[in-house]
Each structure stands twice: as structure tokens, then as C-alpha cells.
1. Within segment A:11-45, restricting attention to residues that are in contact with a strand residue (DSSP E or B) (Cβ under 9 Å, 6 or more places away or on another chain) and assigned to a loop (DSSP other than H, G, I, E, B), which residue is farthest from the other protein chains (Cβ to nearest Cβ)?
2. Could you list all residues from segment B:519-547 that are closer than 18 Å to residue B:485 by Cα and without any contact (Cβ under 8 Å) to a residue 60 or more places away in the chain?
3. Please verify whether segment B:462-472 includes one or more residues that are outside any helix (DSSP H, G or I), loosely packed, with under 15 Cβ neighbours inside 10 Å and within 9 Å of chain A (Cβ to nearest Cβ).
4. Can you work out which of the residues in segment A:49-59 that are within 10 Å of residue A:8 (Cβ to Cβ) and in a loop (DSSP other than H, G, I, E, B) is nearest to the other protein chains (Cβ to nearest Cβ)?
5. Among the residues of segment B:551-563, are any assigned to a helix (DSSP H, G or I) and within 13 Å of another protein chain (Cβ to nearest Cβ)?
6. Looking at the structure I just gave you, is residue B:513 in a loop (DSSP other than H, G, I, E, B), closer than 30 Å to residue B:363 by Cβ and free of Cβ contacts under 8 Å to residues at least 12 places away in the same chain?
7. Which condition from (1) within 14 Å of chain B (Cβ to nearest Cβ); (2) modelled with pLDDT under 85 is the one that residue A:130 breaks?
């Protein structure tokens, strides 16, 4: 069975790029452009993993995460943050991110689409094991 | 006694020779004298009464009573005008000098005395008034014309008179002295009172003059206060009609002053400056001096009196007035100085553009300047006695930032600076140490400010009220600009990174043959595009780093790091580059095969075995190492050599990275760490780079409390060495 992924990314080109990459790698891909849209997509349709951008209009990634944590069904979906936010991973407060159940934190310019896919697979493998 | 008697006999004065004064008269005389009111306070009236009595009973046609003043001048009393007789002048002088009672019938009759009597037909009786062997004065009785028949008067009358006269005069003199003392006392009492009043100097001089006029009997008193340097009159108080005289005196005085002539002590009469002008009487000048400085003079004008004729009382009063004026000038000068100083201080205090707060020992505000008031409350409230920390609240600026705020809201609150600051204050009070300036975002009654707060202890004088000074610098404007810049940079970076991500993503996917296999030419050209994109990414990151560094906006999460392990990791990361350029890299003189191997073989731990731990932010330190090792590789010729050595001291560990590449000329070495400075050399064009790497590296090293240095010669390679503080505690794992 195909593994499903939700990509929440506001930049059209990047959204398309990651979608294309994951589809090529055999994922069932859902997409959303804002946090609110992402939450809507999640209703009754929980993916195996979520790739989440942070800086987005309407509702940003972290706000969406907070909302997810309130929902028992969505609480345990693994999330990888994929962002180009002006702060590096070190500056970001990892404690909080991980408290919100973030599995990893990737930088778009640093990690190639390949890297992202690899990381997603790793996380899913670990999830399966656990 | 014997001698006196002999003299009397020689003069022919005999009892019983008293002439026409009968015993009835003597009884009357004694009665009169007994009723004589010698307690009359008015000396003139007393003397006049005595004179009348004397004339009545002695039958003399004239009587003069003269007193010696303390300067041995005889003063004729009982007449309207008083004029001095010099001692030794005339009969009276002789009598006074010799303490003799002298009876003179006629100069022709007795040649023993060289007494000149102009009235050849008359006679003079002169006797001194003696008290305790001191001559106080002389009484002269003249007999002329028809009165001559009653000369000499009855001896008994004279004796009674002389005795009584002595006691009368004694009493009069005592009264006079008492009156003098009373007047002087009153004057002494009055003058300081005038001075203590808070009157302006001009008014004060007038008051002093008024008091002086009461007791000093001269035509005119003028007081002039001048400036002490050029003797320019500042205050003049004069009734003198002779304005020109005052002006010229001021000039004389100024000249004298200019020549630094000593100006006299009033207590010694020979030191009085006497300026006498013919026709205008006597003019005497008394200096008003404050220490060594001359501050003016008192001018006495009189048609008759010069300094020598002034009474002790008058002189004393002048001295007193002069000294009071000078004291007042000194006090005025010093209080003026204090006021000026205070004014100067206040001007500075309130016009400084920084908040300054004086704190007392009990941590309360003594005084706050206008800026501090503006920052902490209102300009009108004094803040005295308040606790500074009840007036300001430290805010988390990130929460307040409009952009990105929602994201930042989610991030953990930093340890409250408020607590940190109050802790600092406590520290400040307990340790007496200066607290270095630190930035705070504060909320006060007036709004929100970015401030720089520092604390300094004041002089360690236990008596001093001021314990310390808090300095609050308002940096809001700068911070706003900074924040704008910061936010701008964040947005720019995000906007730049997004297209770069797309470029890089699609390129790698294409190059990974995700869209089918590429031919050689396609692959080569796209690889160039990828390289350029990578450079662009580095550039964007570097610029962002620089902006963050310059804004002081990077946080270091320091932890103990194994130095050799970090070096090894970095070499592994740069492995591809090293291999391409065939650079021989050694760590501690060992080649780095161990580092390049990914397998966890035992050899890999050769590096770890150094067991040197530094205290650093892992990512930032890797960036430092990466920059330096990457540079060493970049600026080495193919097949070059890079030696990395690690040494450890007590406080610092040092990594040195030595290459045998192009090297940097000594004069250029300082430039290396500047922004966008790129030293031109054969490899720099090929090497690429932003010109920001070493600048960032240095800033990062310094932020860690470390040091970075460079050495080497042009053409002989370069050595960079980084000193990092050693971790005192090792990681738990």
C-alpha cells in the first residue's frame, strides 16, 4: 500500500517540486498552501506523515501543529518541518518543536529533495518499528 | 610730694591767700558740687556745668577744659568745635606733661616758666586732671581785666575743685567710655545683622554706611567695592559731591592695587593711606581686603579730621565695617561659587540625553534627571524616594515584535530578564562592582523603550548619600532602525531562499536523472548551474550571518565539544574537496584517513583520544572550523599540504591550521578579517567566496570568548590559529 504524505507549503513552485518528487518516489501526495487548508485536508484523511512549512499566510506551520495537538486523531502523525525561515535550526527552539512532536527540522536550501525523501523514509521506518 | 610742695611754694600759692571767696561760698560750692549731676550722659552738658561752677567760684573770666585722648591730643570740650592741641603746646600742654597744677600770674612775674601768655595783663591758672597718675586733661582758668583782682583764687576752692573735678571727670570719662563701648557693642551687633540679612551687596553697603554715620563723625563716608583683579568699581555707596574725587581715588587705588602695593592694616595708624587735598580737607582711604586680594575701600572725607583725629571708637568702627564688608564679599563669592557650581552641575545633569539616576544605599532614588524621568514616568515627577524597579518592567522584545510575532510567541520565553536585572542590582549593592551596560526592553508608564542600563558605584565615602549611579541610555531609535533592518533581512533572506530552493531542488533532481538520463554536455552545464546556485546559497547565508552578527542577534548554545572529534568531522565533510585537490591533510602529524572513513573503526578514535573539550556552540564552531579548513584547501595549490594541530593549555585550547599555499603578505593580514576584503592572489579568483567568511569566523570566535590569529609569509603559506575556552565540565555522556 502506498504511503501517504501531506505537503503544506505556500510557495507554488516548491509545493509542486516536492509533490513531484514524492509522487516519483511512490507516495500518495496531498497538498495544502496554508495551515488552515492543511487542517481541512486532515479531516478524516490522516496521512502517514506531514511535511510542514513554517512561514505561511493565514495560519503558520507552528499554529497548525498546535491545533493538531488538540485533536486526538491528529496528535500522533509524524511531522517534519521543512523551512527556509531566517533562523537556522540552532536558533530555533528545538525543545518546543519536539514537544510538539516534530520528528525533524530540515532547511530547504540545505537539504535537497532527495535528502527530504530519505529523511521521510527514515522517519516512517522508525515509526513502523515503534 | 616734697617736690610738689616746693613747686607750689615757689609759685607763691599759699593757703589763706585765697582772696575774696568766703567760707559761705565754700559751703555753697560744696553743696553745689554735691548736687552736681555728674552722671549726666551728655559730656558736653556736664563739662559746661562744671565750667560754669568753676567760673562762679574762682572768679575767673574764662575757662577751658581739655581732655587728652588716647593719642595724647588734648581735646577742648564744651565748645561747639573741637580741635586738637598737640601735647606740649602752650601752658596746658606743659601742665599736662608734667602733671603739675600751674598758677600763672603773669609771665613777667615769674620767669622760671617759659610760659607764653599773650595777655600780658592777665593770668592763667592751669592744672592737670589726673587719675591714677595718668593725665586725663587740663583745666585752664583765665583771669583778665577786672577779674584779675580775684587771682589767685582761694586755695581751698581750688583744692576742692580739683579733687571734685577729677572725680567728676573720672565719672564723665567712665560714662563716656561706657557709652562708647555701648555704641561700639551696638554697632558690632548691628553690622553683622545687616550682613546676615539676605540683602544684595549694594543695599548692604548702604545699611553699613547708615550705621557708620551714626557713630563716625565726619563729613562724608563712601564705600566702594571693586573687583579684585582690575579694581573696577562694582558697587559704590557715596554721598560725596565730589564725584571726580571718588573716581580719581578709585583710580589711585586701582593703580596702587595694580602695583601690588601693600595696603595697610587699619589697626596701626602709621599704615593708613592718607590722601590729603588742599582745599578739600582730609580724605582718608581704608582698604577692604579679602585675604591677599583688595576688594574695595572706605573713603572718609572731613574738612578738619584726618586719620589722626579720629577717635578710637571711630577707627574701630571703620575697621569693623571694612572687615564685615570683606567677610561678606568672601561669603558672597563662595556662595556664588557654590550656586554657580550647582547650576553648572544641574545644567549638565538635566540636559544630558541619557537617563541618570542617583541611588541611595537603601536602593532608592535620590534624584533622577529629566531624561530618566521621561523614561520612567513623567518629567514633572521627581521620582525621589522611589524604587527604580517598581517603575520599569523588563519586556521580551520578541513578543513585542510585530512581524513573525505569532511564531515567536510559540517559542519558549527566555529566562526573565527582570529577575536577572534585580539580581544584578543586588549584586551591585553587595559587591560594589560596576555593572556593565546591557540592553533591555522596558515598559514604563510612558511607553516602551529599548535601553542600555549600566551601574556604577559612586565614591566610596561612607558619609556620602549617593551609593551609585544608574545610567539608562535610550537606544530605542537605533533599535527600531535595527529591528527594521533585521526584519527586512529576515524577509529578504526568506524571499531569496525560496527561489534558490526551487532552483537547487530541480537541479539536483535533474542531475540525479529523475527526469531521464542527461547527456555529457547537459550534465556539465547543469553542474555549473548547480555550483553557481550553491555559491549563491552560501552568499545569502553569509550575508545573513553578517547581519545577524552585526545586530548581535545570534544565540550561542554552548556545550562541551570534543575538539579533535570536531576537526575530524569537518575533514570528513570536506573530504570530497580535499580529494579533488589532492591535498595532504594531517592532524597531529597523522594523515587523516581515519577521519575520512565513515566506518567506526578503532582508528577513528585516534582523534578523539586527545580528549580536549572546548566550550562552544556546536554548529557555530563547525562553521568556524569549516571556514578555516575550507580556506586552507581553497588557497592551496593542487597536491598541497594542510597541517592541523591541536594543543591545550589551562584556559584555552588551540587549533592551528597551516597550509603551504599562496600565503598572505604581512601588511595584508589584518585586512583578512574585514568585511568583503579579498586579498588578490593567484588562487582567489578560482577559489570564489564572498569575502565574508573570515569576518564571520572572527566574530564567531570572539563571541565565544576566543581569539583568532594569522601568521605566515606571502608565498610560503598561511597559518590560522584559533584559541577557544576550555570546557570546565565534561559532557555527561
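The values are calculated or read from the model by the stated rules, or taken from the named source; none is laboratory data. Owing to the predicted nature of the structure, the values given are computational and were not obtained by experimental measurement. With ideal geometry, Cβ positions are generated from the backbone for all residues, glycine too; neighbour counts draw on all protein chains shown.
1. Among residues in segment A:11-45 that are in contact with a strand residue (DSSP E or B) (Cβ under 9 Å, 6 or more places away or on another chain) and assigned to a loop (DSSP other than H, G, I, E, B), the one farthest from the other protein chains (Cβ to nearest Cβ) is A:45.
2. Within segment B:519-547, B:540, B:541, B:544 meet the criteria.
3. The answer is no, given that none of the residues of segment B:462-472 is outside any helix (DSSP H, G or I), loosely packed, with under 15 Cβ neighbours inside 10 Å and within 9 Å of chain A (Cβ to nearest Cβ).
4. Kept after step one, since they are within 10 Å of residue A:8 (Cβ to Cβ), are these residues of segment A:49-59: A:50-54, A:56, A:59.
Now narrow it down to the ones that are in a loop (DSSP other than H, G, I, E, B): A:53-54, A:56, A:59.
Working: A:53: 10, A:54: 7, A:56: 10, A:59: 9 Å.
Checked segment A:49-59; the qualifying residue nearest to the other protein chains (Cβ to nearest Cβ) is A:54.
5. Scanning segment B:551-563 turns up no residue that is assigned to a helix (DSSP H, G or I) and within 13 Å of another protein chain (Cβ to nearest Cβ).
6. When the stated conditions are applied, residue B:513 does not pass them.
7. Going through the list (1) within 14 Å of chain B (Cβ to nearest Cβ); (2) modelled with pLDDT under 85, residue A:130 breaks only (1).
For every residue, the table says whether it meets (1) more than 8 Å from chain A (Cβ to nearest Cβ); (2) over 30 Å from residue B:450 (Cα atoms); (3) surrounded by 18 or more Cβ atoms within 10 Å (Cβ to Cβ).
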site: B:478; (1), (2), (3): yes, no, no
site: B:488; (1), (2), (3): yes, no, no
site: B:493; (1), (2), (3): no, no, yes
site: B:505; (1), (2), (3): no, yes, yes
site: B:508; (1), (2), (3): no, yes, yes
site: B:514; (1), (2), (3): no, yes, no
site: B:519; (1), (2), (3): yes, yes, no
site: B:522; (1), (2), (3): yes, yes, no
